[in-house]
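The numbers here are math on the coordinates, done by the rules we state, and not lab data. The shown structure was predicted, so the numbers you read here are calculated from the model rather than taken from an experiment. Glycine gets a Cβ as well: all are built from the backbone with ideal geometry, and neighbour counts include every protein chain shown.
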Amino acid sequence: MSVLDSFRYHDLDALRVGRFDFGINTSFIVYRLRDTIVDTGPSNQWQYVKPFIESRPFSQLLLTHHHEDHSGNAGAIHRLTGVQPIAPAKTVEILARGFRIPPMQKIIWGSAGKADAAVLPDNVRIGGEAVTPIFTPGHAKDMTCYLLPERGWLFSADLYIANYLKLLRSDEHIPTLLDSIRTVLGHDFDVILCPHRGVVENGKQRLREKYDYLLNLAAQAQELAQQGMELEVITRRLLGKENLMSIVSRYNFSKRNLIVSCLQVDFSRYPLRQ
C-alpha cells in the first residue's frame, strides 16, 4: 500500500510519499520552505512528487546527500523546472557518475539516474535566512545537514530518524556517526526536520538520547566481546534475532552490522555520560 500524505508546520510544507507503508524507513518526506525544496523523494514516487513541485514556484533545490530516496528525482526536477540542484561537492561527484543501489533498496525506492548538480555556494540562504551546512558523514560519506540558526531548525538528513537504532547498513559506521552527532549537538536548535520521522520538536534532546543510546549499546557489546562471546551471540543478546528486513536485504541492513560497528567505538574518544 502506498503512502501519500501532506502537512504544514508553520510556513513549512511537506509531502510524505512511499511505495510501501511498512514504517518510517519506507516512506519519505519532501520539504518546501519558502523558495527552497529540500531533497527530492524517490523516483518511483515521481507521479506524486511532481504536483507538489509544480504547486508553486521555487528557486532552489537543496540536497543533503546522494542516496536514492533523497536524490532520486533531482534530474527530473531539473528538467521540469530548470532549477539545478545544489549539493555538497562529494554529492555532486557521486550524482555525476551514478551509483549502485542494492536490490532491496531499489524495490523500496526505485532507481536513481545521474544528475547534474552544482556545488553548494559559500553563502546558502533559504528565503533570505542564513543556512549553516554541517558535514555529517557516518550514514553516508557525503551527508550534510542544514541548520537555520535564526529559527533553531535542523534539516537533519538521515542523522536522526529514531532514538534507538536496531539495524545498520553495511556501509554505515557508528564511530563516524557519533562524531557527526556530537558536532551537530554543538549547535543550538530545537526542531529536527527529518525526511523519515517528520517534525521532531525538542529535537536536540532527542538527538542526544540517540547519541547516548549508541554509546551504551557499544559499551555493552564490547563488554560481552571481552567475555569471549561470539558476534552472533552478542547480537541476539542485545538486539534479538534478525528480522525479515535483514533476511531480504541479504544482511546489507541488519542487527549484526550494528553490533560490528559498535565494537569499533573507541571509548577514549567517546566517554560515556554519567
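Over the chain, with a Gaussian network built from C-alpha contacts below 10 Å, which listed residue (211, 31, 164) shows the highest mean-square fluctuation?
Evaluated over the chain, the most mobile residue of the options is 164.
Separation of the stretch 172-248 and the stretch 147-168 by C-alpha centroid, Å?
Each part reduced to its Cα centre gives a spacing of 13 Å.
Please report 210, 50 as a ranked list, fewest other C-beta atoms within 10 angstrom at the top and most at the bottom.
Fewest to most other Cβ atoms nearby, the residues stand as 50, 210.
Show me the helices of the chain, taken as full DSSP H stretches, that run 15 Å or more along their long axis by Cα and average -0.5 or above in Kyte-Doolittle hydropathy.
174-185
Within 10 Å of each residue's Cβ, count the other Cβ atoms and sort 71, 43, 170 from fewest upward.
The most exposed by this proxy come first: 170, 43, 71.
Whats the longest run of the chain with zero GluC sites (Glu not before Pro) that are DSSP loop and have at most 14 other Cβ atoms within 10 Å?
The answer is 1-149.
Compute the signed sum of charges (Lys and Arg +1, Asp and Glu -1) over the other residues within less than 12 Å, Cβ to Cβ, of residue 147.
My count for the surroundings of residue 147 gives -2.
Students often forget the sequence filter, so: which aspartates and glutamates lie under 18 Å Cα-Cα from residue 141 once same-chain residues fewer than 8 apart are removed?
Hits, sequence-local ones excluded: 39, 68, 69, 93, 158, 171, 172, 179.
Largest first and in whole Å, give the semi-axes of the stretch 1-120's equivalent ellipsoid, each being the square root of 5 times a Cα gyration tensor eigenvalue.
Largest first, the stretch 1-120 gives 20, 19, 11 Å.
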